[in-house]
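K.L.:
I have a structure here, written as structure tokens, and I will follow up with some questions on it.
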Amino acid sequence: MESVVSKENTAGGAGKSRAVGLFLLKRYEEAAAAFDELSMRDPDDMDSWTNAILCRLQYSRPDAVFFDEMRKRVGRLPAQGYLCLAEVLNSFDRCGEALVFADKALSVDPDNADACLLKSGLLDALNRTNEQYEFVKSFYPRLKRDERVLCYAAFYAALFWNARQASFFLKKALKANKNATLQNTYFYAALTSGHREKDIIAYSAEALNDRADNPVVWMAVANADAALGENDAADEAFGTLAGLTDIPDDARLNWARVLIEKKSYDRAAGLLEHVSGYSDTLFSLIRTLLFAMRRDGLKETADQKAAAFRAAYGNMPQIDYLCAAFSGGEIKHSAPIEFINAVSELPDPDASPDRKSFLANVLDKAFQTAGLSVAKSMAVLDIGCGTGDAAPFLRDYSRPDGTLTGIDVSETALAAAQAADAYDRLEENDLLTFCAACEDRYDLIVCSDALYWFADPAPVFAAVERILKPDGVFIFTVTPQTREPEFSADVYGRFSHNPAYVSARLSESGLVEKGRSQEKLYKTDDRDQPCVLFTARKKTQ
């Protein structure tokens, strides 16, 4: 934005040089006043008037009244003047107002390729997809010889998996103006969307020979090297990029991923501590970094990094909880739903590929305790169903005319369960929200290996009691602990519970305990994962 005001568009006179100087010193209010004075001296000097607006946009966030007045006064601007204002507004994420000035630019010059591309991007940002599609169709036939338009068309073709059309557009762009095409951001975006990283490396070498300081090309090179696993080259390219421009969050995160793989943990942490906003990728990389350091014997340093992340992102409950649990702090509250949602799509950082499940045996024992028999057409609910491991067993109790419903917070797990076609209904939801909104009543509710996100299980018991039919059965497992505390969280934020405490909370809920036993739920790396299996019934009315 600071390059918008330049000596070229304010040339002539000491007054204009002073105004430009103030702008370059980021003294925007004084610069605006200087340009206002120049406008008063020469009311027809549209450059000074426009530059005053740009200065004010640097230090303020004008309201709609300001823009209404501006639109009334800019009738004499050329297309490029309108376009300049549109780009400034767009940089402030004021897309609706930017669109007004992009349209004004096009009203003066309908074949202005920059204005067409900007308007299309604004429509996309405003989620006006159909309008964007029709607009692109309208200008493409007139501007299809322009390499910028061809690169843009290639990007959207690649985005919608039309690799052949994307390749066609890119070849035409290279033929129309190879030098300009090799510097175009959409050219590399199209190649990236088509997973053509090796082509990016080849084209970028030629582009950098022509212009070695183009951040667009360095961004493409860095991301391509990272995707190809060339971590040293990617690290170097990201470093060059950082020397040219302020790198955006997505590049910062990708660079951090490269550094984690290189075990350059301090540098990766430094990048992650300065990301501007939350994303699932940020959460995933912080988690990956902390556990990688822990596995490499750097526990003390990892704890320090966790504390730094809490200081940087303490207002983000998922990161705060992640770091608190990792550092071994005493946690007295259940995992926040934001944390559960974020971690549900991620692999266990210390997971073993050899895990053997004994879930069917555990459930069979609980059903015998409850006196349940198969083929009773029950309404069955599987809470935390995951990929559907329990479904084949539970199906026997819902057939022939009952229903089997599964809920889970993981979209990926539910997709696998859907593919198995074992449930009558699947829903992406958390336990408490589902039960609060549920109008159905169930004969049988199963919650296996899913209560470890709750410190106090009482809210779960109350929610389940609400949707169980009278005399309905609730079967669940908890991870046991025999220590004095009623519950405690491990480094993953998962709770183990004292069975006596669970029994006490269960009896307070209106559910009657019918059985309790310690069982083996999983076996991993020659280690048994125990659980305490509870069977309960709802009191009859």
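K.L.:
Among residues belonging to the stretch 495-516 that are touching a helix residue (DSSP H, G or I) at 6+ places or on another chain (Cβ under 9 Å) and surrounded by fewer than 16 Cβ atoms within 10 Å (Cβ to Cβ), point out the one that is farthest from Leu394 (Cα to Cα).
P.N.:
Only one residue fits best here, namely Glu508.
K.L.:
Return only the number of the condition from (1) within 24 Å of Leu381 (Cβ to Cβ); (2) touching a strand residue (DSSP E or B) at 6+ places or on another chain (Cβ under 6 Å) that Glu508 does not satisfy.
P.N.:
(2)
K.L.:
Moving on to the next point. Mind checking which residues of the stretch 247-270 are small (Gly, Ala, Ser) and within 19 Å of Met293 (Cβ to Cβ)? Please lay out each step first, then the result.
P.N.:
Kept after step one, since they are small (Gly, Ala, Ser), are these residues of the stretch 247-270: 251, 256, 264, 268-270.
Result: Ala256, Ser264, Ala268, Ala269, Gly270.
K.L.:
Can you tell me which residue within the stretch 501-541, out of those that are of a type in the set (A, V, I, L, M, F, W, C) and assigned to a helix (DSSP H, G or I), is nearest to the chain's Cα centre (by Cα)? Explain how you work it out, then say what you get.
P.N.:
In the first step, residues of the stretch 501-541 are kept if they are of a type in the set (A, V, I, L, M, F, W, C); the result is 502, 504, 506, 511-512, 521, 531-534, 536.
Within this subset, residues satisfying the condition of being assigned to a helix (DSSP H, G or I) are 502, 504, 506.
Working: Val502: 36, Ala504: 40, Leu506: 37 Å.
For the stretch 501-541, the residue satisfying everything is Val502.
K.L.:
Which number in (1) buried (at least 17 other Cβ atoms within 10 Å of the Cβ); (2) touching an Asp or Glu at 6+ places or on another chain (Cβ under 6 Å) marks the one condition that Leu290 misses?
P.N.:
Here Leu290 meets the rest and fails (2).
K.L.:
Scan the helices (runs of 4 or more DSSP H) fully inside the stretch 271-389 and keep the ones with 1 or more residues being free of Cβ contacts under 8 Å to residues at least 24 places away in the same chain and under 23 Å from the mean Cα position of the chain (by Cα). Quick ask: steps written out before the conclusion?
P.N.:
On the way: elements: 280-295, 299-313, 317-326, 337-344, 359-370.
Those helices (runs of 4 or more DSSP H) span 299-313, 317-326, 337-344.
K.L.:
Just to be sure before I move on: is Ala458 at pLDDT 95 or above and not basic (Lys, Arg) in the structure I sent?
P.N.:
For Ala458, the condition - at pLDDT 95 or above and not basic (Lys, Arg) - is met.
K.L.:
Here's another thing I want to ask about it. Mind listing whichever residues of the stretch 44-68 are modelled with pLDDT under 65 and of a type in the set (A, V, I, L, M, F, W, C)?
P.N.:
Ala64, Val65, Phe66, Phe67
K.L.:
Also, I was wondering about something else. Pairs please, first residue from the stretch 423-449 and surrounded by 14 or more Cβ atoms within 10 Å (Cβ to Cβ), second anywhere and of a type in the set (Asp, Glu), Cβ atoms under 6 Å, 6+ apart in sequence or on different chains.
P.N.:
Pairs that qualify, where the first residue is surrounded by 14 or more Cβ atoms within 10 Å (Cβ to Cβ) and the partner is of a type in the set (Asp, Glu), are Glu428/Glu411; Val446/Asp382.
K.L.:
Taking the stretch 270-287 as the region of interest, how many residues are loosely packed, with under 14 Cβ neighbours inside 10 Å and within 18 Å of Phe326 (Cβ to Cβ)?
P.N.:
1
K.L.:
Within the stretch 326-334, is even one residue of a type in the set (Asp, Glu), at pLDDT below 95 and buried (at least 17 other Cβ atoms within 10 Å of the Cβ)?
P.N.:
no
K.L.:
Let me ask something else about it. Tally up the residues in the stretch 444-463 that are under 30 Å from the mean Cα position of the chain (by Cα) and within 19 Å of Ala413 (Cα to Cα), please.
P.N.:
Residues meeting the conditions: 7.
K.L.:
Buried (at least 19 other Cβ atoms within 10 Å of the Cβ), of a type in the set (Phe, Trp, Tyr) and not in a loop (DSSP other than H, G, I, E, B): does that describe Tyr82?
P.N.:
When the stated conditions are applied, Tyr82 passes them.
K.L.:
Of all residues in the stretch 446-478, which are in contact with a Leu (Cβ under 7 Å, 6 or more places away or on another chain) and farther than 17 Å from Ser507 by Cα?
P.N.:
Val446, Ser448, Asp449
K.L.:
What number of residues within the stretch 283-308 are of a type in the set (Lys, Arg) and closer than 18 Å to Glu345 by Cβ?
P.N.:
Count: 1.
K.L.:
Also: Select from the stretch 146-180 the residues that are more than 27 Å from the chain's Cα centre (by Cα) and not in a helix (DSSP H, G or I) and write down the one among them that is surrounded by the most Cβ atoms within 10 Å (Cβ to Cβ). If you could, list the steps in order and put the result at the bottom.
P.N.:
Within the stretch 146-180, the first condition is being more than 27 Å from the chain's Cα centre (by Cα), and the residues that meet it are 146-150, 164-165, 167-180.
Add one more test, that the residue is not in a helix (DSSP H, G or I), and what stays is 146, 177.
Numbers: Asp146: 21, Asn177: 16.
Checking each candidate, the answer is Asp146.
K.L.:
Of all residues in the stretch 217-252, which are of a type in the set (A, V, I, L, M), within 19 Å of Lys198 (Cβ to Cβ) and assigned to a helix (DSSP H, G or I)?
P.N.:
Hits for the stretch 217-252 are Val217, Met219, Ala220, Val221, Ala222, Ala224, Ala226, Ala227, Ala233, Ala234, Ala237.
K.L.:
For the stretch 182-191, does any single residue satisfy the condition of being surrounded by 21 or more Cβ atoms within 10 Å (Cβ to Cβ), within 18 Å of Ala224 (Cα to Cα) and in contact with a Lys or Arg (Cβ under 8 Å, 6 or more places away or on another chain)?
P.N.:
yes
The values are calculated or read from the model by the stated rules, or taken from the named source; none is laboratory data. If you're wondering where the values come from, they're calculated on a predicted model, not measured in any experiment. Cβ: placed from backbone, ideal geometry, glycine included. Neighbour counts: every protein chain shown.
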